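What follows is calculated from the coordinates using simple rules that are stated; it is not laboratory data. From a predicted model like this one, the values you see are computed outputs, not experimental measurements. Ideal geometry is used to build each Cβ from the backbone, glycine not excepted, and the neighbour counts take in all protein chains shown.
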Amino acid sequence: MRFTIPRDIYYGRGSLEILKEIKGKKAVIITGGASMQKSGFLDRTKKYLQEAGMEIFPYEGVEPDPGIDTVMKGAQFMKEHSPDVILAIGGGSAIDAAKAMWIFYEHPDTTFDDVKKPFTVPALRGKAIFIAVPSTSGTATEVTAFSVITDYSTKIKYPLADYNLTPDIAIVDPDLTDTMPKELIAFTGMDALTHAVEAYVATAASVFTDPLALHSIKLIITNLVMSHEGKKEAAETMHYAQCMAGMAFSNALLGITHSLAHKTGASLGIPHGLANAIYLPYIIRYNANKEAENYHQNGIYSARSKYAQIAKYIGVLEEEETILVEKLIGFIESINNALHIPASLREAGVEEMEFRRMAEGIAEHAAMDPCTGSNPRKADKDDLKKLLHCIYEGKKVDF
């Protein structure tokens with residue numbers, strides 16, 4: 001068993017200022033669109049690093065759902081400037097892209113195919129350390145061993161997975177999230193909730209990950225809707241909760257909610273957090289429908305019993321497991337409704353003809369996704385295809 005997180009996590013409003021104390025000579029800053037520039041946080045980051053005595057080289061314009069070409073261009077940029085500090089600031093896409101760039105900067109002869117399988121990333125930190133500063137409250141990539149990169153030639157997302165990718169330093173400063181639009185708050189918040197729920201029932205869950213997963217679930221359920229409504233204190237709590245969920249799932253792993261979200265994102269044009277929000281109630285019911293038993297550090301458990309434990313932890317006063325699971329599903333559906341998230345792929349605007357054309361391939365690729373192996377109930381291509389049809393049509397999962 002193993003539990004890995006960044007060596008240092010700085011948190012709290014104004015914690016970005018710790019960059020003044022970072023040691024290094026040259027820093028490449030990776031960021032996405034214009035939001036960090038408009039908000040002033042990019043300039044503030046440059047200023048702090050310059051005060052630390054570093055030469056600064058910014059690389060801007062990482063797109064949402066970054067592709068392999070972006071990663072390789074960024075790695076070449078790093079090669080030209082030879083940084084000993086890589087800092088990624090922005091949403092999950094910018095940080096994920098920077099993690100992947102880091103691989104090919106340190107190992108220029110490595111190809112993307114070499115690292116697509118889990119735990120195949122070579123040793124890092126021979127040239128640079130990695131600092132992650134998230135501006136959204138969802139992906140938690142600042143504390144995880146994952147980087148999701150899209151191959152646009154096949155429209156498949158690949159979750160690169162290796163503990164080498166865990167950042168050295170995470171700066172979790174809620175100030176950066178104050179300008180998040182409401183839709184992004186909803187999508188990233190439900191992404192975080194999915195991380196925590198899947199981590200709690202995943203086959204690699206442990207005595208170290210369970211408390212983080214449970215507590216983050218409670219914080220998210222309590223604060224997400226208030227954050228969406230503009231309450232600043234709730235938004236700050238969400239930023240910490242999503243980070244705790246990240247520490248949990250980076251070590252406990254995830255499940256088929258994420259397998260399907262990875263494979264439908266580029267194929268059907270569904271944002272990752274939205275996909276997770278739509279799929280999660282269906283997947284909980286699928287996992288709880290069968291007593292799929294898995295080894296857990298505390299003994300043998302079923303997914304149903306662990307979902308029931310979540311329901312009890314958030315305050316549901318029932319004893320029967322099946323009722324507890326249904327209450328949990330209903331609670332998640334009510335949050336989705338409050339956040340104006342559709343209940344099916346059809347409601348989300350996916351055309352039926354396009355869905356039927358893509359469903360077979362999505363199911364096939366999702367079956368091979370690394371997250372499928374840690375789902376508490378086995379799911380093959382046929383299972384995933386049946387699930388997809390239920391999710392598209394909004395039908396109850398009864399198998």
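Residues His262, His107 in ascending order of nearby Cβ atoms (within 10 Å, fewest first): His107, His262.
Springs join every pair of Cα atoms under 10 Å in this Gaussian network model of the chain, and among Ile323, Ile283, Ile169 the largest mean-square fluctuation is at Ile323. Restricting the range 247-292 to trypsin sites (Lys or Arg not before Pro) that sit in a DSSP loop and have at most 15 other Cβ atoms within 10 Å of their own Cβ leaves Lys290.
The radius of gyration of the Cα set in the range 158-250, together with its Dmax, comes out at 13.4, 38 angstrom. Calculated on the alpha-carbon coordinates, the convex hull of the chain measures out at 121 cubic angstrom per residue. Amide H contacts for Ile156 (H built 1.01 Å from N in the peptide plane; partners 5 or more residues away or on another chain; cut-off under 5 Å): Asp151.
Mind checking which of Thr110, Ala245, Gly330 is farthest towards the positive end of the chain's charge dipole, using Cβ charges of +1 (Lys, Arg) and -1 (Asp, Glu) about the Cα centre? So the residue furthest toward the plus end is Thr110. Pairs of Cα atoms nearer than 8 Å and 6+ residues apart set the relative contact order; for the range 8-177 it is 27 percent.
Take every pair of alpha-carbon atoms less than 8 Å apart whose residues are at least six positions apart; their mean separation over the length of the chain yields a relative contact order of 15 percent. Note on His365, His239, His258, His215: ascending count of other Cβ atoms within 10 Å places them as His215, His365, His239, His258, the fewest first. Dimensions of the range 182-393 along the principal axes, based on C-alpha atoms and rounded to the nearest Å, stand at 42, 42, 30, largest first. On a 0 to 90 degree scale, rounded to 10, what angle separates helix 352-367 from the longest Cα axis of the chain? Between the helix axis and the principal axis of the chain, the angle is about 80 degrees.
Remark: the chain carries a charge dipole of roughly 280 debye about the Cα centre, counting +1 on each Lys and Arg Cβ and -1 on each Asp and Glu Cβ. Taking a 27 Å limit on the Cα-Cα distance, which of the listed pairs Lys46/Lys218; Lys327/Lys378; Lys155/Lys378; Lys157/Lys232 fall beyond it? In this structure, Lys46/Lys218; Lys157/Lys232 lie more than 27 Å apart at Cα. Can you find, among Ala170, Ser15, Ile149, the residue farthest towards the positive end of the dipole of the range 8-177? Put +1 on the C-beta of Lys and Arg, -1 on that of Asp and Glu. The residue sitting most towards the positive pole is Ser15.
Shape class for the range 128-179, computed from the alpha carbon gyration tensor (a ≥ b ≥ c): oblate, with a/c not under 1.5 and a/b at or below b/c. Selection among Ile391, Tyr158, Phe119 by position relative to the dipole of the chain gives Phe119 as farthest towards the positive end (Cβ unit charges, Cα centre).
Loop-located trypsin sites (Lys or Arg not before Pro) in the range 110-161 (DSSP state not H, G, I, E or B) with no more than 14 neighbouring Cβ atoms inside 10 Å: Arg125. Loop-located trypsin sites (Lys or Arg not before Pro) in the range 292-399 (DSSP state not H, G, I, E or B) with no more than 15 neighbouring Cβ atoms inside 10 Å: Arg346, Lys378, Lys395, Lys396. Radius of gyration over Kirkwood radius for the range 8-177, both on Cα atoms: the Rg/Rh ratio is 0.93.
Taking a straight Cα-Cα cut-off under 14 Å and skipping sequence neighbours fewer than 8 places away in the same chain, the aspartates and glutamates within cross-link reach of Lys79 are Glu106, Asp109.
Once C-alpha pairs closer than 8 Å and six or more residues apart are averaged by separation and normalised to the residue number of the range 259-384, the relative contact order reads 32 percent. Counting charges near Glu60 (Lys, Arg +1; Asp, Glu -1) among other residues having Cβ under 13 Å from its Cβ returns a value of +1. If you take every residue apart from Glu142 with its C-beta less than 13 Å away from the C-beta of Glu142, what net charge results, scoring Lys and Arg +1 and Asp and Glu -1? Taking every other residue near Glu142 into account, the sum is -2. Anisotropy class assigned to the range 26-100 is oblate, per the alpha carbon gyration tensor with a/c at or over the 1.5 cut-off and a/b no larger than b/c. Basic side chains Lys and Arg get +1 at the Cβ, acidic Asp and Glu get -1 at the Cβ, and with that the dipole of the range 315-399 about its Cα centre reaches some 220 debye. Exposure proxy for Thr136, Thr45, Thr222, Thr111: other Cβ atoms within 10 Å of each Cβ, ordered fewest to most, give Thr111, Thr222, Thr45, Thr136.
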